[in-house]
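As structure tokens, the structure follows; a few thoughts come after it.
Since every read-out is calculated from the coordinates, none of them should be taken as a lab result. On a predicted model such as this, the values are computed, not experimentally measured, just so you know. Heads up, the Cβs are rebuilt from the backbone with ideal geometry, glycines too, and the neighbour counts pull from every protein chain shown.
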Amino acid sequence: MAGNVDALYIFLLIVSGLMTALIFVTIVYFAARYRYRKGVPAEQIEGSTPLELTWTFIPLGVFMVIFAWSAVVYFKSRTPPRDSTEVYVVAKQWMWKLEHAEGQREINELHVPVGRDVKLIMTSQDVIHSFFVPAFRMKQDVLPGRYTVAWFRATKPGTYHLFCTQYCGTQHSGMIGSVIVMEPAQYEAWMSGGTGGPLSVAGEKIFAELGCATCHRTDTQGRGPNLQGVFGKPVLLEDGRTVTADENYVRESILEPGAKVVNGFKPVMPTFQGLVSEEQLNALVAYVKSLSTSGQSGVTANPAAIVPSQAPANPPSKGNQVH
Amino acid sequence: MATAMAQPVERENYLNKHYGVGSWLLTTDHKRIALLYLMSITFFFFIGGFFALLIRLELLTPTGDLVQADTYNKLFTMHGQVMVFFFLIPSIPAVLGNFLVPMMIGAKDLAFPRINLLSWYIYAIAGLLMLHCMITGGVDTGWTFYTPFSTAFSNTKVIEAGLAIFISGFSSILTGLNFIVTIHRMRAPGMTWSRLPLFIWAHYATSIIQILGTPVIAITLVLVVAERALHLGIFDPKLGGDPLLFQHLFWFYSHPAVYIMILPSMGVISEVISCFSRKRIFGYHFVALSSLAIAIFGFLVWAHHMFVAGISLYAALIFSILSYAVAVPSAVKVFNWTATLYKGSIHYDAPMLYAFGFLGLFTIGGLTGLFLAALGVDMHVHDTYFVIAHFHYIMVGGALMGYLGGMHFWWPKISGKLYPEGWARLAALIVFIGFNLTFFPQFILGYIGMPRRYYQYPPEFQVLNVLSTAGATVLGVGYLMPMIYFLWSMRYGKPAPDNPWNAAGLEWKTQSPPTTFNFEEEPVVTWEAYNYDEIDQAQKEVPQVVG
């Protein structure tokens, strides 16, 4: 994305440079040419509607070009490609905790392979933070109580600044880290450095420990919906609305189960607010997600609850590039 | 001394009619209230400026070595709060507006003189509370009070600072209310809407924003206090609230608040450019109506402060396109001011130099606003020094240049004395150079990635920070100079004639300084605004009294 943002930025520099030059040169010229001279009175000019319309609509037209271009860049950067490598980010005063879907955990450092799309699923344990990697031209606020998502694709190995850009208290300027972009081979070596296994496996364990499987059974007899293949699909709710089962929906369903109950089920699930940490939540989300990607998809407890349509496919993106 | 003694006996005016502290503290004269405001906001300007100085000194080196991190966080917070709520928002309306609105429309006073005094007392109470808050510990939330940091995590005096700003809002509302009623009801015979000086149009538009916008920030601050003190869940997700709700409410006021600062300044610039070009302003109606357009559109763009905050993609698109819409009337104004110079007879007195400075800085500030409204670029530069540079170009480059230009333009009327023109031109030049040296490097700092509100920073950012700090010292000198020579001129300045600039406008048709009720008899207006052809015709040649 760095290339895209820079191209737009340069276009803006040119446009605003031309406008500045036009205005400054005109002012300086008029100021010199029409400076006070004894006996030469000012010539009164009322104004001119055609001129007013010209300098209303030409800038407006230029602005609309900038708007359209910038909207396209923004749209791409806000839409993570499918099959991105996922990293869960938990921000807190004043550190970044990062968990790879494969299970590696890091603090204030994020190792990623070059050339791969990386999707960040982020939340905060306390105040609002913001995940900013200037080299990737990418920034997203990280909020408590919900997930926000960002993505990038690094194109050049190296170490890049990671900054918190939302003021978060005493050590705000110390809440910095680095993104380390590695060649794939190096990255594989780093990955094999030993962990507790994939995040989804940890999530499965928590799922079992908390007794979730008692209701969320893998057949149609559970008191809660079967979770196989649900993630990423539209879900029909009791009240007739449809929501997409994304990270935020899973999160909300764990913490506030009564908020959006699936059609055909009763709001009987207790809340897990305060019983699970942000890290455990991430693991649970990763586990629910894994149920849709491990080939068991399509089987649902209550077929009526699932709107039979494919989730919209994201077009393959050109990717975030390090300049 | 010699000049003072050589003066003839002073005519009776609003300054010498009564003496004593009581005659000031109980006055209902809009001109005296304007001076009360002038003293109060100048006091806060230097406090805010002192904080800015400490911030720039701390940023001279990459490591935190001058003050503690917590102190630094308080410094930029209180710099913002003092400058925005206690200097910029009252600056032009409460000082120049208070002084000039009645005179420009041919009225004896504002519609509600006692409410006018009340508004100053409310401001003073708010200011004292803010001072108390700063002296006894201060606040560290950033001037933006973002939740849940402000409601659940900050250990500083959030409630006191919030209350101070809450109270100051009422003073702003009362001033706006007074202006609107005055402009509707108190115009002299013949002073039709299309004969109003553009300064009045600008204040009318500003007053609308003050009345409609300020209650929202008041409510928002009350909610912050309620959540912090009573743990009512409004913004904090742990209590079931929504932190983005706060940002929507906060910016619903605080974006239009930028126009409370800049619109009156635009009004000043229209007066000054017209006078020193000896011309009617080009496209009077377009300039007047663009003020109203800015006031209205200004209310519809608040979420452009939230493009990376977690709002939906489609909301971002809408707020981006509306932000471009609000840029158009500002551009129209700049084009009209430029066109006013065409075939003029241009004088380079200090007010005009400030107006040129305004045009330069506001143009850069406005155009960099296009970068921030561009979603794809904002993603990168949001919350970096690019934003800091942009809004200082608007709020200091724009609003403050207009304020200083206006202070010079009307100083002879306000004080009855002439300021030293040579020093004033030099100061205008120093302010312009110092300003650019301070803030232009910050655009580059932002694009290469330096986040705002950083106490320490990676060493590669140091060179630009040193430049910026160097510029700030120049800028500081530029701001001290007018303060010194204005004070000097009150005692030693030459007495000002009634109309030293041969300017149009009713305020110049009365004596300098004016009498308590402004005019000997109610003026009757039979001419259009900015009738410089008639004035210069009558004058035959234009004697430039000053400089």
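If a paramagnetic tag sat 7 Å from the Cα of B:T61 along the Cα-Cβ line, which residues of the range B:451-475 would have the backbone N under 18 Å from that point? B:454-470, by backbone N distance to the label point. Using the Cβ of B:I311 as centre and a radius below 13 Å, the other residues enclosed give a net charge of -1, where K and R count +1 and D and E count -1.
Need one number: % antiparallel among DSSP beta bridges in the range A:74-183, to the nearest 5.
Of those bridges, close to 70 percent are antiparallel.
Among A:L210, B:L117, the ranking by other beta carbons within 10 Å of each residue's beta carbon, starting with the fewest, stands as A:L210, B:L117. The residues neighbouring A:N248, those whose beta-carbon lies less than 15 Å from its own, together hold a net charge of 0 under the Lys/Arg +1, Asp/Glu -1 convention.
The B:I125 and A:Q221 beta-carbon pair, evaluated with R₀ = 56 Å, returns a calculated FRET efficiency of approximately 0.25. This model, with +1 at the C-beta of Lys and Arg and -1 at the C-beta of Asp and Glu, gives chain B a dipole about its Cα centre of some 500 debye.
Hydropathy at least 0.5 by Kyte-Doolittle, axial extent at least 24 angstrom from the Cα trace: which helices of chain B, defined as entire DSSP H runs, fit?
B:30-58, B:113-135, B:158-185, B:198-230, B:243-277, B:313-341, B:350-373, B:421-447, B:462-492
Report, in degrees rounded to the nearest 10, the 0 to 90 angle that the Cα long axis of helix A:199-209 makes with the longest principal axis of chain A. Between the helix axis and the principal axis of chain A, the angle is about 50 degrees. Stretching B:L239 away from B:T42 to a fully extended chain increases their span by 66.8 nm, per 0.36 nm per residue minus the current alpha-carbon distance.
The base-10 log of I(q)/I(0) for the range A:222-270, evaluated at q = 0.17, 0.18, 0.23 Å⁻¹, reads -0.43, -0.49, -0.84 [Debye formula, identical scatterers on Cα atoms, solvent excluded]. The stretch between A:E209 and A:R33 holds 55.0 nm of extra length on full extension. This uses 0.36 nm per residue minus the Cα-Cα distance. Partner shielding of B:342-351 amounts to 5, given as the average count of beta-carbon atoms from other chains within 10 Å of each residue beta-carbon.
Peptide A:32-39 shows a mean partner chain C-beta count of 5 within 10 Å per residue C-beta. Counting only helical runs of four or more DSSP H residues, what would the 222 nm mean residue ellipticity of the protein assembly as shown come to if each run contributes -39,500 (n - 2.57) and the total is spread over all its residues? Roughly -17500 deg cm²/dmol at 222 nm, from the helical runs in the protein assembly as shown.
For B:L25, B:L198, B:L163, which order do you get if you count the other beta carbons within 10 Å of each Cβ and list the fewest first? Kindly include the intermediate steps, with their values, before the conclusion.
Numbers: B:L25 13, B:L198 25, B:L163 18.
Ordered from fewest to most neighbouring Cβ atoms within 10 Å, B:L25, B:L198, B:L163 come out as B:L25, B:L163, B:L198.
Going from the fewest other Cβ atoms within 10 Å to the most, the residues B:Y492, B:Y19 appear in the order B:Y19, B:Y492. Remark: mean inter-chain Cβ contacts per residue of A:72-81 equal 4, using a 10 Å Cβ-Cβ cutoff to other protein chain atoms.
Placing a label point 7 Å from the Cα of A:R241 along the Cα-to-Cβ line, the residues of the range B:216-250 whose backbone N sits under 18 Å from it are B:240-245.
Here each label is just a point 7 Å from Cα along the line to Cβ, and for B:D498 and B:A315 those points are 5.8 nm apart. Note on the range A:199-305: with charges restricted to the Cβ of Lys and Arg (+1) and Asp and Glu (-1), its dipole about the Cα centre is near 280 debye. Please list, in order, the residues from the range B:292-319 whose amide nitrogen is less than 18 Å from a point placed 7 Å along the Cα→Cβ vector of A:E256. It comes to B:310-312, nothing else. Each peptide among B:369-381, B:171-183, B:231-243 gets the average number of other Cβ atoms lying within 10 Å of its residues, and from highest to lowest they stand as B:369-381, B:171-183, B:231-243.
For the range A:199-305, compute Rh as the Kirkwood radius over C-alpha pairs and then the Stokes-Einstein diffusion coefficient at 25 °C and 0.890 mPa s; write the answer in µm²/s, rounded to an integer.
It diffuses with D of about 179 µm²/s by this estimate.
By the equivalent-ellipsoid construction on the alpha carbon gyration tensor, the range B:350-457 comes out with semi-axes of 33, 13, 10 Å, ordered largest to smallest.
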